[in-house]
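Worksheet: the structure to be examined is printed underneath.
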Amino acid sequence: MIKHIFKYSALAALLTAISLSSCVKEDFLPSHYDNDSTTQDFGNVEFKRRKVLLIAIDGLAGKTVQDMAPPVISGLLPKSVYTFEGLTDTVTSVATGWATMTTGVPYIDHLIMDSTLIPKTVVGSHSEIKYYDNFIHFLKNDNLEFKVTAITPWDDINSFIIPQSDNVVSLGSSASTEDISNAAIDRLQTTNPDLMIVNFNQTALVGQQYGFGENVAEYSNAVLSIDQQIGKIMDALAARENYEKEEWLVVIQSTSGGAGHELGGKLSAQRNVFSIYYSPIIVPGKYTGPKILDKGLRLNGTPSTYVRAENPDDRYNINGSMTFEFKLKVNPREPGNYSYSYPPFFSKVKERYGSANPGYSFLKTGNEMVFWMCDGESTKEVKQTTAILDNNFHTVTGRADFDGQTYTMSIFLDGENRKDIQFTPANPITNDKPLVLGYWPAVFTDQYFDCYMADVRIWNTALPDEEIKELAVLSTVPSDHPHINNLIGNWSCDEGEGDQFIDASPSQSNFSIVGNYSWNPLGEILASSNRAPNLLDVTPTIYGWIGLTLEGSNKPQGNNYIRIIGKDN
């Protein structure tokens, strides 16, 4: 049985209701600007009434939907704002997903993490409990006639997450996809909701029992069944008597992913969700999101325990303009200490002592990154001034722009904050040493670098600033990238097993992993700034569609990605 569905006893529910009602709370009307003109009098002009159909699906990863391409959902995409690359909140339970989706507040604030649907601070804590109002609360405060219908097989959702619904249909955990769609169709035909919430949980139930993924027959059948029922609901929506006088936004949002038999978790398939906002009057568009590195290779060690990757290909010598980029997660030498004294970790040089060895290297000095070059007689280095003080992934880019005589050496952090220096070499910056990622034996101190790397790319051209910024948040180089033919090395470093980093560029020049290596579970985002629509954005998007603007502490934290065709907004 799915972990997040259980029934409270009548006594427990009563006690909870009493404890909540005993708290005295002044409920002030929110400060807002009402942009909805559907109920205002403009003479003989009749405006369509904005309405929302929110379909929430538990336990369905965006990549699964993208790979399966179920027909009904696929048919909506040309008139939708959508992504298959969204991420759940930092806590990945269905309960957290519902709380985030209906409040526009992240887990770190609402603290709802499990099927009790109660903030975790309640247990063993005497601190004040903070409850966040959901979108129904504010929509009804704005318009007392606003009507909400909620249909779900999870009874506690109606009691604790969206209790203000006017028309509640609790079907029980054994409800089929057809039971749910029949209830939705009936309410669309017989009632007049402004917001209808429909919840399918069959993918979560089936995934935990049989396994998640399109290759599991029972699971893929559940996905297709939900898709079919969505089609029936859409038909019923279009058949409404007053449909021509209404403007519906259809939101299809998954609340969590799944992998193996586990609902939620740290893996990309468990955190991956999808968002679809459909309406014929909106500007359609597809959004990409950040990649999660499920497993990474820790590059660290000492002379007797090192781990590194080697590539002997001489095409990675600096012969003219070059650009090097990689995503780097620095592991602290001790808790909270990310400072290192000069150890290189991305190098093609014999050693960095003195100036007799031509080549190049990236190293960390203190908390800053350095790009170093040597022509065999002299050296130059350019230092980034923005410190790395955490163990998140950051994109480091080094550029050597050669004008035939002088190199302009540049270093970027996360695609920005460029620092430059000029270097006029007396000799070629070439050698016969391998390109090395990770451990380097020749260091100036006893500090050997400790890191993870991903999305390592080398270009035989100097990429312009705007392309460097764009690529800093991408794990996949677009096939139509203007310099795609200059990409001579492209290693994702996400294999998760084996002794090679595979080169996805036409060079097909793989790194060999050497030393006492192991692939470690990570489940970490590679570029946090590359954000696609997700659960946090549902509430502000619904507000935007209805015409409600909240300010101050009531303003939701997500984004509204909807733009109306023909309007500049």
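Regarding residue 172, is this residue of a type outside the set (Asp, Glu), touching a residue at least 12 places away in the same chain (Cβ under 8 Å) and surrounded by fewer than 17 Cβ atoms within 10 Å (Cβ to Cβ)? Show your work before the answer.
Numbers: of a type outside the set (Asp, Glu): yes; touching a residue at least 12 places away in the same chain (Cβ under 8 Å): yes; surrounded by fewer than 17 Cβ atoms within 10 Å (Cβ to Cβ): yes.
Taking the combined requirement at face value, the residue satisfies it.
Test of understanding: among 237, 224, 263, 297, which residue is under 23 Å from residue 146 (Cβ atoms) and among the aliphatic types (A, V, I, L, M)?
Details: 224 fails: under 23 Å from residue 146 (Cβ atoms); 263 fails: under 23 Å from residue 146 (Cβ atoms); 297 fails: under 23 Å from residue 146 (Cβ atoms).
Result: 237 is the single residue among 237, 224, 263, 297 that is under 23 Å from residue 146 (Cβ atoms) and among the aliphatic types (A, V, I, L, M).
Of the residues in region 372-398, how many are within 12 Å of residue 429 (Cβ to Cβ), in contact (Cβ under 8 Å) with a residue 40 or more places away in the chain and part of a strand (DSSP E or B)?
Within region 372-398, the first condition is being within 12 Å of residue 429 (Cβ to Cβ), and the residues that meet it are 372-380.
If we keep only those that are in contact (Cβ under 8 Å) with a residue 40 or more places away in the chain too, we end up with 373-378, 380.
From what is left, the residues that are part of a strand (DSSP E or B) are 373-374, 380.
So the count comes out to 3.
Has region 299-313 got at least one residue that is among the acidic types (Asp, Glu), modelled with pLDDT of 95 or more and more than 24 Å from residue 519 (Cα to Cα)? Steps first, answer last, please.
Kept after step one, since they are among the acidic types (Asp, Glu), are these residues of region 299-313: 310, 313.
From what is left, the residues that are modelled with pLDDT of 95 or more are 310, 313.
Next cut, more than 24 Å from residue 519 (Cα to Cα) only: 313.
Taking every residue of region 299-313 in turn, at least one turns out to be among the acidic types (Asp, Glu), modelled with pLDDT of 95 or more and more than 24 Å from residue 519 (Cα to Cα).
Go through region 82-100 residue by residue and tally those that are modelled with pLDDT of 95 or more and assigned to a helix (DSSP H, G or I).
0
Any idea which of 332, 358 is of a type outside the set (Ser, Thr, Tyr), modelled with pLDDT of 90 or more and more than 22 Å from residue 404 (Cα to Cα)? Let's see the steps before the verdict.
Details: 358 fails: more than 22 Å from residue 404 (Cα to Cα).
None of the others qualify; the one that does is 332.
Restricted to region 301-355, and to residues that are exposed (fewer than 15 other Cβ atoms within 10 Å of the Cβ) and of a type in the set (S, T, N, Q), which residue is nearest to residue 365 (Cα to Cα)?
Once the filter is applied, the top-ranked residue is 341.
Tell me yes or no: at least one residue of region 129-142 is of a type in the set (Val, Ile, Thr), modelled with pLDDT under 90 and assigned to a helix (DSSP H, G or I). Full working, then the answer.
Just the residues of region 129-142 that are of a type in the set (Val, Ile, Thr), to begin with: 129, 136.
When the remaining residues are screened for being modelled with pLDDT under 90, the result is 129.
Pick out the ones that are also assigned to a helix (DSSP H, G or I) and you get none.
So far as region 129-142 goes, no, none of its residues is of a type in the set (Val, Ile, Thr), modelled with pLDDT under 90 and assigned to a helix (DSSP H, G or I).
Find the residue count for region 297-339, including only residues that are of a type outside the set (S, T, N, Q) and part of a strand (DSSP E or B). Even if it seems obvious, please write down each step before you answer.
Of region 297-339, the ones of a type outside the set (S, T, N, Q) are 297-299, 301, 303, 306-310, 312-316, 318, 320, 322, 324-330, 332-336, 338.
Going one step further and asking which of them are part of a strand (DSSP E or B), we end up with 297, 299, 307-310, 318, 322, 324-330, 334.
Number of matching residues: 16.
Can you find, within region 364-401, the residue that is nearest to residue 448 (Cα to Cα) among those that are among the acidic types (Asp, Glu) and touching a strand residue (DSSP E or B) at 6+ places or on another chain (Cβ under 7 Å)?
Applying the first criterion (among the acidic types (Asp, Glu)) to region 364-401 yields 368, 375, 377, 381, 390, 401.
From what is left, the residues that are touching a strand residue (DSSP E or B) at 6+ places or on another chain (Cβ under 7 Å) are 368, 375, 381, 401.
On the way: 368: 16, 375: 25, 381: 20, 401: 30 Å.
Looking at residues that are among the acidic types (Asp, Glu) and touching a strand residue (DSSP E or B) at 6+ places or on another chain (Cβ under 7 Å), I get 368.
I'd like the full set of residues that are of a type in the set (Gly, Ala, Ser) and assigned to a helix (DSSP H, G or I), limited to region 205-221. Outline the logic, then answer.
Our first condition is that a residue be of a type in the set (Gly, Ala, Ser); within region 205-221, this holds for 207, 211, 213, 217, 220.
Scanning region 205-221 gives 207, 217, 220.
What about residue 280, is it closer than 30 Å to residue 247 by Cα, in contact (Cβ under 8 Å) with a residue 24 or more places away in the chain and part of a loop (DSSP other than H, G, I, E, B)? Talk me through it step by step, then tell me what you get.
Details: closer than 30 Å to residue 247 by Cα: yes; in contact (Cβ under 8 Å) with a residue 24 or more places away in the chain: yes; part of a loop (DSSP other than H, G, I, E, B): yes.
Considered against the rule, which asks whether it is closer than 30 Å to residue 247 by Cα, in contact (Cβ under 8 Å) with a residue 24 or more places away in the chain and part of a loop (DSSP other than H, G, I, E, B), residue 280 comes out as yes.
Select from region 185-209 the residues that are in contact (Cβ under 8 Å) with a residue 40 or more places away in the chain and among the hydroxyl-bearing types (Ser, Thr, Tyr) and write down the one among them that is surrounded by the fewest Cβ atoms within 10 Å (Cβ to Cβ).
191
Of (1) more than 20 Å from the chain's Cα centre (by Cα); (2) surrounded by fewer than 19 Cβ atoms within 10 Å (Cβ to Cβ), residue 521 satisfies all except one. Which?
Residue 521 satisfies all of (1) more than 20 Å from the chain's Cα centre (by Cα); (2) surrounded by fewer than 19 Cβ atoms within 10 Å (Cβ to Cβ) except (1).
Of all residues in region 356-372 being buried (at least 23 other Cβ atoms within 10 Å of the Cβ) and hydroxyl-bearing (Ser, Thr, Tyr), which is farthest from the chain's Cα centre (by Cα)?
Applying the filter and picking the extreme gives 360.
Restricting to region 373-421, name every residue that is over 32 Å from the mean Cα position of the chain (by Cα) and over 17 Å from residue 363 (Cα atoms).
Residues satisfying the conditions are 375, 376, 377, 378, 401, 402, 403, 404, 405, 406, 407, 408.
For region 147-159, name all the residues that are surrounded by fewer than 22 Cβ atoms within 10 Å (Cβ to Cβ) and either within 13 Å of residue 98 (Cβ to Cβ) or modelled with pLDDT under 85 (or both).
Those that are surrounded by fewer than 22 Cβ atoms within 10 Å (Cβ to Cβ) and either within 13 Å of residue 98 (Cβ to Cβ) or modelled with pLDDT under 85 (or both): 155, 156, 158, 159.
Only one of (1) in a helix (DSSP H, G or I); (2) touching a Gly at 6+ places or on another chain (Cβ under 7 Å); (3) not basic (Lys, Arg) is not met by residue 411, so which one is it?
It is condition (1) that residue 411 fails.
Just checking, which of 120, 79 is modelled with pLDDT of 95 or more and over 19 Å from the mean Cα position of the chain (by Cα)? Before the answer, list the steps.
Numbers: 120 fails: modelled with pLDDT of 95 or more.
Exactly one residue qualifies, and that residue is 79.
Among the residues of region 491-518, what is the count of those that are among the charged types (D, E, K, R) and either more than 28 Å from the chain's Cα centre (by Cα) or not assigned by TED's automatic domain parsing to the domain that holds residue 440 (or both)? Talk me through it step by step, then tell me what you get.
Of the residues in region 491-518, the ones among the charged types (D, E, K, R) are 494-495, 497, 499, 503.
Next cut, either more than 28 Å from the chain's Cα centre (by Cα) or not assigned by TED's automatic domain parsing to the domain that holds residue 440 (or both) only: 499.
Residues in region 491-518 being among the charged types (D, E, K, R) and either more than 28 Å from the chain's Cα centre (by Cα) or not assigned by TED's automatic domain parsing to the domain that holds residue 440 (or both): 1 in total.
Only one residue in 96, 149, 100 is over 21 Å from residue 277 (Cβ atoms) and either without any contact (Cβ under 8 Å) to a residue 24 or more places away in the chain or of a type outside the set (Asp, Glu) (or both). Which one?
Matching residue, one of 96, 149, 100: 96.
Taking residue 159, is it in a helix (DSSP H, G or I) and of a type in the set (Ser, Thr, Tyr)? Walk me through it before giving the result.
Numbers: in a helix (DSSP H, G or I): yes; of a type in the set (Ser, Thr, Tyr): yes.
For residue 159, the condition - in a helix (DSSP H, G or I) and of a type in the set (Ser, Thr, Tyr) - is met.
Need the failing condition index for residue 221 against (1) modelled with pLDDT of 95 or more; (2) buried (at least 18 other Cβ atoms within 10 Å of the Cβ), just the number.
All conditions are met except number (2).
The values are calculated or read from the model by the stated rules, or taken from the named source; none is laboratory data. Bear in mind that the values here come from a model prediction, so they are computed numbers and not experimental data. Note that each Cβ is placed from the backbone with ideal geometry, even for glycine, and that neighbours are counted across all protein chains shown.
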